[in-house]
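K.L.:
One structure is given below, represented as structure tokens, and several questions about it will come after.
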Amino acid sequence: MTYFTKHLGALAAGVALGALTAGAAMAEPAMIYDLGGKFDKSFNEAAYNGAEAWKAETGVSYLDTELQNDAQREQALRQFARRGANPIVMAGFSWGSALGTVALEFPDTNFVVIDAVVDQPNVQSIIFDEHTGSFLVGALAALKSETGKVGFVGGMDVPIIHKFFCGYLEGAKMVNPQIRVFENYTGVTPAAWNDPVTAGELTKAAIDKGADVVFAAAGGSGLGVLQAAKDAGKFSIGVDSNQNYLQPGSVLTSMLKRVDVAVTTAFNEAGDDATFKPGITVLGLAEEGVGYSLDEHNASLITDDMKARVEDLKAKIIAGEIVVHDYMTDNTCPAAAS
């Protein structure tokens with residue numbers, strides 16, 4: 001991306017924000033998508049789908065905008081809050097600082113942040129047990145693999161993506177203690193979420209080492225993983241949204257993270273102080289906040305025995321008989337050392 005293109009995009013986003021807020025009606029909810037784009041086929045698009053589902057159900061409009069850079073976070077929050085948007089929902093782990101500041105300035109506005117924790121009386125923080133959903137798809141990868149080697153391509157090299165990896169690794173090792181799991185990330189800046197070329201190259205490298213299933217936890221970059229696996233005649237695993245349809249017959253499954261449900265629920269509940277739930281809300285397997293996808297696009301790839309094994313593991317996790325390590329609790333992955 002050239003300097004001109006980058007800054008033109010930022011300017012356009014600022015103009016779009018101004019246009020949205022200038023014409024906004026009071027008390028409409030607002031949705032702010034994170035870096036990577038509204039139509040990333042993954043995390044942000046799940047948030048968009050949730051907002052659209054709410055709109056279809058209620059017939060009420062909502063405001064939204066896409067960030068072009070981190071500097072726009074406080075600007076977006078303030079502009080929507082000044083127009084009376086309520087609640088204001090945002091998706092992404094990088095909102096902590098901006099929201100912590102702006103929530104204090106607008107104590108009568110309710111905010112909902114997905115994937116971050118902000119301790120304010122007018123903020124609900126929704127987090128997911130991504131490690132348990134990733135455990136299940138890791139088990140599926142190991143059950144499907146014929147080589148005993150699988151891959152993982154993460155987006156930005158940050159703790160929350162390590163949380164995905166650690167769960168995936170633990171699930172794979174539960175099925176096959178000798179399995180090899182190749183771990184890679186597309187980058188260390190937000191550009192890592194929208195770099196399918198690098199993700200595809202990392203996937204090819206893992207396949208060259210023998211991996212026959214590769215899990216993409218990389219936002220928009222994951223499309224490169226799905227394509228590279230398809231081209232090589234191997235399997236991929238999608239993330240956040242159900243991505244099975246993108247490469248039918250090649251996407252083994254998708255690790256579902258129901259950001260769409262979180263957004264729909266937030267729009268329904270957080271605009272009313274009587275139903276608003278400040279504090280931390282955790283969505284896991286028991287709440288169907290995470291899971292794995294089965295549909296017509298991958299039905300032929302997952303046998304009844306595979307499904308039965310994974311459903312048994314799921315039930316044991318919910319019952320507490322299996323405890324999947326959460327990387328975010330101590331920034332360690334014990335399965336990597338075993």
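The values are calculated or read from the model by the stated rules, or taken from the named source; none is laboratory data. On a predicted model such as this, the values are computed, not experimentally measured, just so you know. Every residue, glycine as well, gets a Cβ built from its backbone with ideal geometry; the counts of neighbours run over all protein chains shown.
K.L.:
Do you know which residues across the range 50-64 are closer than 28 Å to residue 159 by Cα and either touching a Lys or Arg at 6+ places or on another chain (Cβ under 9 Å) or surrounded by fewer than 17 Cβ atoms within 10 Å (Cβ to Cβ) (or both)? Before the answer, list the steps.
P.N.:
In the first step, residues of the range 50-64 are kept if they are closer than 28 Å to residue 159 by Cα; the result is 50-51, 64.
Result: 50, 64.
K.L.:
Would you mind telling me which numbered condition in (1) at negative phi; (2) in contact (Cβ under 8 Å) with a residue 12 or more places away in the chain residue 272 fails?
P.N.:
The single condition residue 272 does not satisfy is (2).
K.L.:
Could I ask something else about it? Taking the condition of being over 22 Å from residue 34 (Cβ atoms) and out of contact with any strand residue (DSSP E or B) (no Cβ under 6 Å at 6 or more places or on another chain), how many residues in the range 251-275 meet it?
P.N.:
The initial filter retains those residues of the range 251-275 that are over 22 Å from residue 34 (Cβ atoms), namely 251-253, 272-275.
Those still in the list that are out of contact with any strand residue (DSSP E or B) (no Cβ under 6 Å at 6 or more places or on another chain) too: 272-275.
Total meeting the criteria: 4.
K.L.:
Of the conditions (1) out of contact with any Gly (no Cβ under 9 Å at 6 or more places or on another chain); (2) over 11 Å from residue 32 (Cβ atoms); (3) in a helix (DSSP H, G or I), residue 94 fails just one. Which one is it?
P.N.:
(3)
K.L.:
What number of residues in the range 306-320 are surrounded by 14 or more Cβ atoms within 10 Å (Cβ to Cβ), under 19 Å from residue 283 (Cβ atoms) and not β-branched (Val, Ile, Thr)?
P.N.:
Final tally of qualifying residues: 2.
K.L.:
Restricting attention to the range 50-70, which residues are assigned to a helix (DSSP H, G or I) and either at positive phi or modelled with pLDDT under 95 (or both)?
P.N.:
First, the residues of the range 50-70 that are assigned to a helix (DSSP H, G or I): 50-58, 70.
Within the range 50-70, 70 is the sole residue that qualifies.
K.L.:
Could you tell me how many of the residues in the range 250-295 are surrounded by 19 or more Cβ atoms within 10 Å (Cβ to Cβ) and in a strand (DSSP E or B)?
P.N.:
The number of residues fulfilling the criteria is 11.
K.L.:
May I ask you to list the residues in the range 124-133 that are touching a Gly at 6+ places or on another chain (Cβ under 8 Å) and either hydrophobic (A, V, I, L, M, F, W, C) or farther than 22 Å from residue 168 by Cβ (or both)? Write out each step before concluding.
P.N.:
Of all residues in the range 124-133, those touching a Gly at 6+ places or on another chain (Cβ under 8 Å) come to 124-125, 128-133.
Across the range 124-133, the qualifying residues are 124, 125, 128.
K.L.:
Within the range 220-231, is even one residue at pLDDT below 95, on the phi > 0 side of the Ramachandran plot and under 21 Å from the mean Cα position of the chain (by Cα)? Give the steps one after another, and end with the answer.
P.N.:
First, the residues of the range 220-231 that are at pLDDT below 95: 220.
Okay, now just the ones that are also on the phi > 0 side of the Ramachandran plot, so none.
No.
K.L.:
For residue 293, state whether it is of a type in the set (S, T, N, Q) and either modelled with pLDDT under 95 or under 21 Å from the mean Cα position of the chain (by Cα) (or both). Break it down stepwise before answering.
P.N.:
Working: of a type in the set (S, T, N, Q): yes; either modelled with pLDDT under 95 or under 21 Å from the mean Cα position of the chain (by Cα) (or both): yes.
In short, yes.
K.L.:
Please work out if residue 47 is buried (at least 22 other Cβ atoms within 10 Å of the Cβ), under 25 Å from residue 161 (Cβ atoms), modelled with pLDDT of 95 or more and assigned by TED's automatic domain parsing to the domain that holds residue 272.
P.N.:
Values: buried (at least 22 other Cβ atoms within 10 Å of the Cβ): yes; under 25 Å from residue 161 (Cβ atoms): yes; modelled with pLDDT of 95 or more: yes; assigned by TED's automatic domain parsing to the domain that holds residue 272: yes.
Against the criterion (buried (at least 22 other Cβ atoms within 10 Å of the Cβ), under 25 Å from residue 161 (Cβ atoms), modelled with pLDDT of 95 or more and assigned by TED's automatic domain parsing to the domain that holds residue 272), residue 47 qualifies.
K.L.:
Then there's this: Determine which single condition residue 338 fails, assuming it passes every other condition in (1) of a type in the set (Ser, Thr, Tyr); (2) over 25 Å from residue 55 (Cβ atoms); (3) surrounded by 24 or more Cβ atoms within 10 Å (Cβ to Cβ); (4) touching a residue at least 60 places away in the same chain (Cβ under 8 Å).
P.N.:
For residue 338, the failing item is (3).
K.L.:
Give 120, 79, 75, 124 a once-over and let me know the one that is touching a Pro at 6+ places or on another chain (Cβ under 6 Å), at pLDDT 95 or above and either assigned by TED's automatic domain parsing to the domain that holds residue 213 or among the polar types (S, T, N, Q) (or both). First the steps, then the outcome.
P.N.:
Numbers: 120 fails: touching a Pro at 6+ places or on another chain (Cβ under 6 Å); 79 fails: touching a Pro at 6+ places or on another chain (Cβ under 6 Å); 75 fails: touching a Pro at 6+ places or on another chain (Cβ under 6 Å).
Just a single option satisfies the conditions, and that option is 124.
K.L.:
Can you name every residue in the range 237-249 that is in contact with an Asp or Glu (Cβ under 9 Å, 6 or more places away or on another chain), more than 21 Å from residue 31 (Cβ to Cβ) and not in a loop (DSSP other than H, G, I, E, B)?
P.N.:
244, 245
K.L.:
Just for the range 100-117: of the residues that are assigned to a strand (DSSP E or B) and touching a Pro at 6+ places or on another chain (Cβ under 9 Å), which one is nearest to residue 283 (Cα to Cα)? If you could, list the steps in order and put the result at the bottom.
P.N.:
We begin by selecting, within the range 100-117, every residue assigned to a strand (DSSP E or B); these are 111-114.
Adding the requirement that they be touching a Pro at 6+ places or on another chain (Cβ under 9 Å) leaves 111-112.
Working: 111: 18, 112: 14 Å.
It comes out as 112.
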